[in-house]
Amino acid sequence: MTQTRSAAELDHRRAVNVALLGAGVVGSQVVRLLTEQADELAARIGAPLHLVGVAVRRPQRHPDVPADLLTTDAAELVSRDEVDVVVELVGGIEPVRGLLLTALKNGKSVVSANKALLAEDGAALAAAADESGADLYYEASVAGAIPLLRPIQQSLAGDRIVRVAGIVNGTTNFILSAMASSGANYTEALEEAGRLGYAEADPTADVDGYDAASKAAILASLAFHTRVTADDVYREGIRDVTAADIAAAKALGCTVKLLAICEQTDGSVSARVHPAMIPRSHPLASVSGAYNAVFIEAAAAGQLMFYGQGAGGPQTASAVLGDLVAAARNRVIGGRGPRDTAHAALPVLAMGDTHTRYHVALDVTDRAGVLAQVAGVFAEHGVSIATVRQEGRGGTSGSDADDGAPGPKDATLVIVTHSASDAALAATVEALTGLDAVRGVAGVLRVEGLGRPVTELGGGS
Ligand SMILES: NC(=O)C1=CN([C@@H]2O[C@H](COP(=O)(O)OP(=O)(O)OC[C@H]3O[C@@H](n4cnc5c(N)ncnc54)[C@H](O)[C@@H]3O)[C@@H](O)[C@H]2O)C=CC1
Ligand SMILES: N[C@@H](CC=O)C(=O)O
Ligand code: NA
């Protein structure tokens, strides 16, 4: 007969003692779930979880945490002998790096959501974990609630992943979705993302792409069994995405998303984060608000898609709790989970050598021969044009006519290229700015099909 064990029936001598660092947006939800689900978690683990301390900066701000658990001395907490697992939800590099290295070296398992630290110094943390035989889990660090790192590390361990690409930052996706759907203002949308608990403590990490770059580094490292740090990732944020870019994308049947794209080709890897136009028919185009979605392409499995809430307190706490249960189970059973495998040591390709398609909008003087001149510059740099559209703006460039009559009209040339290297496109744009007839570059955005042919561009709104 099957019996359900209550926490009281479990062997309390084997309780797994947990130290929590940080009780903000995510940490406070971990405390809540640990309390509300104590019996179920104990039944799943085979022993109860005991929260033995919560390190915070200002104890008075945490009325929901039992006062006797609160401490401002995180170093003392992680060094207590009784602590089995340290759950880190503080964020940032220091003092967290030192605290977690000490914990791991002392054989304590670590669960963290700290992508900044893992992308900067994941190798040192993994080495410390290997040395002492402790677990290091960080599912919550990438794409919040979405189970993504465990499928890469475990379910796909027998396959060869060639591409991981998608939307991995909830804050910027929330802002871009609001700008596209309701014409919301960038600053207001960012403030709202902060209020909802999506943004980082310093939201420049979100809008300038640092957060997504850290996540890309973690994804590339795990997917390609190599070490990629945040510094290896090409990064552009969304600060320069204008309402005009969003309207231009719409006119082409596209939407603008901040993408993280990690690829393995010919013995090297590339990792980049930048805004890009994607066709509205692509599944990623309908991922809105704080949702994230990631495509994985593997040699045998083909394409897989992971979708869910990428930011938010309860959502992220779900992933943290999943890791905590895994680490606690390992303590109860003895042994540890799979270690990071970075055996491949692959070089990282420079951004200039990566290839994609581009949307280039040029403000030009609308006179005979301009289109041929512009096309010539693209050809000289080996960048092939897929489509050109001219949008007359009805204005005049006026002042240079001898008789005071209005000069030739201004127009915008909208060019979409075939796949070209980033270096060739950059050189093309620079050369274009040197043409007399080019009054300015109104916008350059990459166009991504993410494994699907981009056939429908120019299909209108
Ligand atoms: N908010 C979200 O949606 C997500 C957050 N994360 C990550 O989770 C971590 C925590 O994020 P949030 O909860 O949003 O941040 P938060 O800013 O709300 O909370 C951080 C907490 O750490 C405390 N703290 C700061 N320095 C400390 C120190 N030296 N000792 C002890 N406590 C200290 C702060 O007082 C605060 O309570 C970060 O690494 C973040 O990147 C990951 C996925 C999603
Ligand atoms: N600030 C991050 C939080 C989750 O990682 C985001 O917006 O995605
Ligand atoms: Na995740």
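By DSSP, the beta bridges lying fully in the range 228-374 are antiparallel in about 85 percent of cases. In summary, the helical segments of the chain meeting the span-like criteria, namely a full DSSP H run, a Cα extent along the axis of 18 angstrom or more and a mean Kyte-Doolittle hydropathy of at least 1.0, are 210-224.
Distance from the Cα centroid of the range 314-333 to that of the range 220-261 is 31 Å (rounded to whole angstrom). The DSSP beta bridges internal to the range 149-311 are antiparallel in roughly 95% of cases. Taking all C-alpha pairs of the chain, those more than 30 Å from each other amount to 50 percent. Spin-label model, residue 202/residue 355: points 7 Å from Cα along the beta carbon direction are separated by 3.8 nm. Scanning residues 5 or more positions from residue 70 or on other chains, those with amide H under 5 Å from its amide H are 54, with H placed 1.01 Å from N in the peptide plane. A simple charge model with +1 on the Cβ of Lys and Arg, -1 on the Cβ of Asp and Glu and nothing else charged puts the dipole of the range 149-311 at about 480 debye relative to its Cα centre. Taking a point 7 Å from the Cα of residue 57 along the Cα-to-Cβ direction, the residues of the range 85-115 with backbone N closer than 12 Å to it are 90-92, 95. Rounded to the nearest 20, the Cβ-based charge dipole of the chain about its Cα centre (Lys and Arg +1, Asp and Glu -1) stands at 1120 debye.
The convex hull around the C-alpha trace of the range 149-311, projected and averaged over every direction, spans 9.4 square nanometres. Less than 5 angstrom separates the built amide H of residue 51 from those of 18, all sequence-distant by 5 or more or on a different chain. Scanning residues 5 or more positions from residue 254 or on other chains, those with amide H under 5 Å from its amide H are 280, with H placed 1.01 Å from N in the peptide plane. Each of the peptides 318-328, 84-94 was scored by the mean count of other Cβ atoms within 10 Å over its residues; in descending order, highest first, they stand as 318-328, 84-94.
Comparing Cα centroids, the range 334-373 and the range 273-313 end up 17 angstrom apart. Beta bridges assigned by DSSP with both partners in the chain are antiparallel in approximately 70 percent of cases. Our estimate of slack between residue 250 and residue 94, defined as 0.36 nm per intervening residue step minus the Cα-Cα distance, is 51.9 nm. For the chain, the carbon plus sulfur part of the accessible surface works out to 49%, probe radius 1.4 Å. Over 30 Å apart at the Cα level, from the set 105/215; 250/409; 115/250, are 115/250.
When shorter helices are ignored and each DSSP H run of at least 4 residues is given -39500 (n - 2.57), the per-residue value for the chain at 222 nm works out to -10000 deg cm²/dmol. Rolling a 1.4 Å probe across the protein heavy atoms gives the range 186-287 an accessible surface of 36 Å² per residue.
The values are calculated or read from the model by the stated rules, or taken from the named source; none is laboratory data. Computed from a prediction, not measured in an experiment: that's the story for all the values here. Cβ: placed from backbone, ideal geometry, glycine included. Neighbour counts: every protein chain shown. Please note that ligands, DNA and RNA were not included when accessible areas were found on the heavy atoms of the full protein model with its side chains. Shrake-Rupley method; radii C 1.70, N 1.55, O 1.52, S 1.80 Å.
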